[in-house]
Amino acid sequence: MEALAAVLVLSLAAGQAGGSVEAWLDRLCEEAEVFRHAAPKLIGRETLRQRALQPRPRFRPRIGKEATEPPKPEYRTREIVSEYTFGTLRESPGVLHEFRQVVSVDGRQLRTAEQARRKLVSGMRSADDHLKRRLLEQFERYGLRGAAADFGPLILLFTRRRLAGYSFQQSGRGRVGAEAAVVISFRETPGAESLTIFEGSRAVRVPVEGHLWLRENDGLPLRIALESRRQQDGATVLDQATVDYVMSPHGVLVPASVVRRRLIGDLLVVEDVFQYSSFRMFAADAEIKFP
């Protein structure tokens, strides 16, 4: 805590209208801790709609006016519906991952929701990391291009022990839907990179910056938006992600939506839009209750 007080950049003085930055961060940390403990007991429905840039064909004859203009980007759209939960691997017990069991791909049903739910819960009960990794890798088998992963638990970037890795500053007010919100900007300090970007088999750790939207009347986290820039082959690669949270009937924040985009220069390479619904707890619903 002593280090936390020394490192945080708190630009909003205590007593200013709407509360101090410290107060907003306290509520954020509280909700992050609740999520960390409760999330592995949650299961819900996820719908992913992906729009991904398609590689240009090596040769395609073009005639007339089309031959003189740059080729237009072509995108492939996919929709995947899954049962969705959170869990850990034995090799990294402190890292919360997203796990899925696919129900349908582009409207083609692979299994019923109940079958997917039971298979997912069974996999999460297993001590076999190999089985869990198969769940993690499942999306790639359905032809998705670089689908986002582990953005639902983004709030865990702001547990109390991690706050020393950021600077914070109040940057205004806004709305998330109908909710009035205080907006706090954040930036990771050098050496504290928390976001891992995968480029093929290569993992790159990059610093992030962004904004927190916290409900004005009580500080409840409503939205986390972040972005990261890096250079690749002379071009700027921009990764953006926005996660909206809602309070579930179980008293824990859950993701309502995730929007993630990657651009190279001005060209959109991939866009993932996730929507979440029907969260329940293992112990609260008899049909998925652990024996």
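The values are calculated or read from the model by the stated rules, or taken from the named source; none is laboratory data. Fair warning: this is a prediction, and the values are worked out from it, not measured in the lab. Heads up, the Cβs are rebuilt from the backbone with ideal geometry, glycines too, and the neighbour counts pull from every protein chain shown.
Points to keep in mind about this one:
- Between LEU212, LEU163, the distinction of being aliphatic (A, V, I, L, M) and either at pLDDT 95 or above or part of a strand (DSSP E or B) (or both) belongs to LEU212 only.
- Taking the conditions (1) modelled with pLDDT under 95; (2) assigned to a helix (DSSP H, G or I); (3) not aromatic (Phe, Trp, Tyr) in turn, ARG205 satisfies each one other than (2).
- Restricting the range 124-172 to residues that are hydroxyl-bearing (Ser, Thr, Tyr) and touching a Ser or Thr at 6+ places or on another chain (Cβ under 8 Å) leaves a set whose member that is surrounded by the most Cβ atoms within 10 Å (Cβ to Cβ) is TYR166.
- Check on VAL81, touching a Leu at 6+ places or on another chain (Cβ under 7 Å), at pLDDT 90 or above and in a strand (DSSP E or B): no
- Among the residues of the range 89-127, those identified as part of a strand (DSSP E or B) and at pLDDT below 90 are LEU89, SER92, PRO93, GLY94, VAL95.
- Filtered residue count, the range 105-123, keeping only those that are more than 22 Å from MET281 (Cβ to Cβ) and either touching a residue at least 40 places away in the same chain (Cβ under 8 Å) or crowded, with 17+ Cβ neighbours inside 10 Å (or both): 1
- Residues (in a strand (DSSP E or B), in contact (Cβ under 8 Å) with a residue 40 or more places away in the chain and of a type outside the set (Val, Ile, Thr)) located in the range 220-234: PRO221, LEU222, ARG223, LEU226
- Hits in the range 114-129 (condition: hydrophobic (A, V, I, L, M, F, W, C) and closer than 9 Å to GLU83 by Cβ): ALA116, LEU120, VAL121
- Each residue in the range 112-124 was checked for being among the basic types (Lys, Arg) and farther than 15 Å from LEU42 by Cβ, and 2 of them qualify.
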